[in-house]
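First comes the structure, then the notes that go with it.
The values are calculated or read from the model by the stated rules, or taken from the named source; none is laboratory data. Values in this document were obtained by computation on a predicted structure and should not be read as measured data. Cβ coordinates were reconstructed from backbone atoms using ideal geometry, including for glycine residues, and neighbour counts include every protein chain displayed. To get the accessible areas, we keep the full protein, side chains included, count just its heavy atoms, and leave off ligands, DNA and RNA. Shrake-Rupley method; radii C 1.70, N 1.55, O 1.52, S 1.80 Å.
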Amino acid sequence: MRALRGRLLWFVADPHDAGEAAHRYVEDGLVVIEGGVIRSVGEATALLATLPLDTEIVDHRPHLIMPGFIDAHLHMPQTQVIASYGAQLMDWLNRYTFVEEQKLAQQGHPEKLVTFLLDELLANGTTTAVIYCSVHPQSAEALFRESQRRNTRMVAGKVMMDRNAPDALTDTAESGYEDSKALIERWHGNGRQLYAISPRFAVTSTPEQMTAAGRLAAEHPDCHVQTHINENRAEIAFANELYPEPGDYAGIYQHFGLLGPKSLLGHCIHMTDREWRCFAETGTVAVFCPTSNLFLGSGLFDWARARAEGVPVAVATDIGGGTSYSMLRTMSEAYKVLQLQGQSLSAFAALHAITLGNAKALKLDHLIGSLEPGLEADLVVLDPKAQRAMAHRLETARDLAEELFVLVTLGDDRNVVATYVMGERVVSPSFSGDA
Ligand code: GUN
Ligand code: ZN
């Protein structure tokens, strides 16, 4: 048995609905872990008296202990695409992304990127991510193998794309179906690994492939579906030109049976009234990717509208359109995106979004996303004073809400003291510039 002592913060509801009652904060708290699972949580002094004498106590005071962060959308093959200059979506895909993604066919390259990605996510306190791999089945195989080795809970899938991309990056309706199915059978529910059926977007799939993706989703209703929608005006025009019948972009995915509560639709920036209603009626999740939407000049996600329509929202980095692996950084940019629309985002709402909020949006809140007993012990330990400018600023912080707002606004991987996966501390390789 192991117990972590520190300032505990987690959520039991959405601060938007429940206000102050949405979070739990224990100034001197203890998380007791047994078999990788949270056994009890509460006041340290009371709990310490109940523990067996041989319990290992890890003292993280005065640092914050939170549930590990969850990233709802990123691209493993784009870790060497991040920070590519001067293009909007379609141009950026052709000039940078499709060039790098072809390298995943090379022996050893998926493994190299996967190792980097999981190191980087864990160094940022992200313990679960929903991940696009490349079109090559071996890219998903490499991701799952490495995630399994580290015992992390990852959701991932091989991208399906059979047109409007270089030949070397296309599968077929048939092979995309067969390869995805084989990966599902091998990896979905294997240890902590979960599969996401991943047609890239309507632009790169023929109707035959969309039909095949819909069939996979119907055959595997417990798998997630992930794709992109309404990110960029040129993309939207192209999608509607390729699929004139359904009348709008959401209608395309709806027609092929790809919308539903386990469907994660990246971006959702330029949505029509009907599309919002369609998302609400099907329970489809809108995934907000603030750093990517700003970097690619795509537009501003309207979170208030999603909430008003009853559409669930998840938040994500969207590496490599996105520019940071940090979910704290991501929420700092989310705050700015909302500010530009006269909306706001409290620190509590931001920290809820990257923990319980994303867990709920992914329908994984029975496993991860909080510190409630019975959940998997994926945790992040944070030092809000780890950066000089933050320690300086915090001299004037008057309460927890202010301290957390500084953490969300200025924080990143430098504030991550430790990350735990199923109760085990993860050692991040220290980075020293030239390797
Ligand atoms: N739409 C289709 N593919 C992609 C991608 O890789 N990144 C982003 N941001 N949008 C996409
Ligand atoms: Zn994406």
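Restricted to the stretch 105-146, and to residues that are away from ligand 2 (no atom under 16 Å from the Cβ) and of a type in the set (A, V, I, L, M, F, W, C), which residue is farthest from residue 169 (Cα to Cα)? Looking at the filtered set, the residue picked out is 123. Residues of the stretch 62-80 that are more than 12 Å from ligand 1 (Cβ to nearest atom), closer than 13 Å to residue 129 by Cβ and in a strand (DSSP E or B): 69, 70, 71, 72. Cβ-Cβ distances below 6 Å connect the following pairs, each with a first residue in the stretch 386-405 that is touching a residue at least 12 places away in the same chain (Cβ under 8 Å), a second residue that is among the polar types (S, T, N, Q), and a separation of six or more residues or different chains: 386/415.
Pairs are defined by a Cβ separation below 8 Å, a sequence spacing of at least 6 or placement on different chains, a first member in the stretch 120-132 that is closer than 27 Å to residue 199 by Cβ, and a second member that is part of a loop (DSSP other than H, G, I, E, B) and of a type in the set (Lys, Arg); the pairs so defined are 127/153; 128/153; 132/200. With respect to the conditions (1) within 16 Å of ligand 1 (Cβ to nearest atom); (2) surrounded by fewer than 21 Cβ atoms within 10 Å (Cβ to Cβ); (3) part of a helix (DSSP H, G or I), residue 92 falls short on a single one, namely (2). Out of the stretch 344-379, which residues are open to solvent by 10 Å² or more (accessible area, probe 1.4 Å) and of a type in the set (Ser, Thr, Tyr)? The answer is 344, 346.
Does the stretch 43-59 hold any residues that are open to solvent by less than 80 Å² (accessible area, probe 1.4 Å) and under 18 Å from residue 400 (Cβ atoms), and which are they?
First, pick out the residues of the stretch 43-59 that are open to solvent by less than 80 Å² (accessible area, probe 1.4 Å): 44, 46-48, 51-52, 55, 57-58.
44, the sole residue that qualifies.
Of the listed requirements (1) hydrophobic (A, V, I, L, M, F, W, C); (2) open to solvent by less than 10 Å² (accessible area, probe 1.4 Å); (3) outside any loop (DSSP other than H, G, I, E, B), residue 301 misses just one: (3).
Check whether at least one residue in the stretch 143-151 is in contact with a strand residue (DSSP E or B) (Cβ under 8 Å, 6 or more places away or on another chain), part of a helix (DSSP H, G or I) and among the polar types (S, T, N, Q), and report yes or no. Working first, answer last.
Keep residues of the stretch 143-151 that are in contact with a strand residue (DSSP E or B) (Cβ under 8 Å, 6 or more places away or on another chain), which gives 143-144, 147, 150-151.
Imposing the further condition that a residue be part of a helix (DSSP H, G or I) reduces the set to 143-144, 147, 150.
Then keep just the ones that are among the polar types (S, T, N, Q); that gives 147.
Yes: one or more hits.
Can you name every residue in the stretch 275-297 that is open to solvent by less than 10 Å² (accessible area, probe 1.4 Å) and either within 20 Å of residue 74 (Cβ to Cβ) or within 16 Å of ligand 1 (Cβ to nearest atom) (or both)? 284, 285, 286, 287, 288, 289, 290, 291, 292, 293, 296, listed by residue number. Scan the stretch 113-132 and tell me whether some residue there is open to solvent by 10 Å² or more (accessible area, probe 1.4 Å) and of a type in the set (A, V, I, L, M, F, W, C). Within the stretch 113-132, one or more residues are open to solvent by 10 Å² or more (accessible area, probe 1.4 Å) and of a type in the set (A, V, I, L, M, F, W, C). Out of the residues in the stretch 311-320 meeting the condition of being more than 10 Å from the chain's Cα centre (by Cα) and not hydrophobic (A, V, I, L, M, F, W, C), tell me which one is farthest from ligand 1 (Cβ to nearest atom). Of everything passing the filter in the stretch 311-320, 312 is farthest from ligand 1 (Cβ to nearest atom). Just one of the numbered conditions (1) in contact with a Gly (Cβ under 7 Å, 6 or more places away or on another chain); (2) away from ligand 1 (no atom under 12 Å from the Cβ) is not true of residue 52: (1). Inspect the stretch 321-343 for any residue being open to solvent by 40 Å² or more (accessible area, probe 1.4 Å), within 17 Å of the chain's Cα centre (by Cα) and within 16 Å of ligand 1 (Cβ to nearest atom) and give the result as yes or no. Taking every residue of the stretch 321-343 in turn, at least one turns out to be open to solvent by 40 Å² or more (accessible area, probe 1.4 Å), within 17 Å of the chain's Cα centre (by Cα) and within 16 Å of ligand 1 (Cβ to nearest atom). Annotation note: Cβ proximity below 6 Å between a residue of the stretch 415-428 that is more than 22 Å from residue 62 (Cβ to Cβ) and a residue that is open to solvent by less than 30 Å² (accessible area, probe 1.4 Å) and among the hydrophobic types (A, V, I, L, M, F, W, C) (sequence gap 6+ or interchain) occurs for 422/377.
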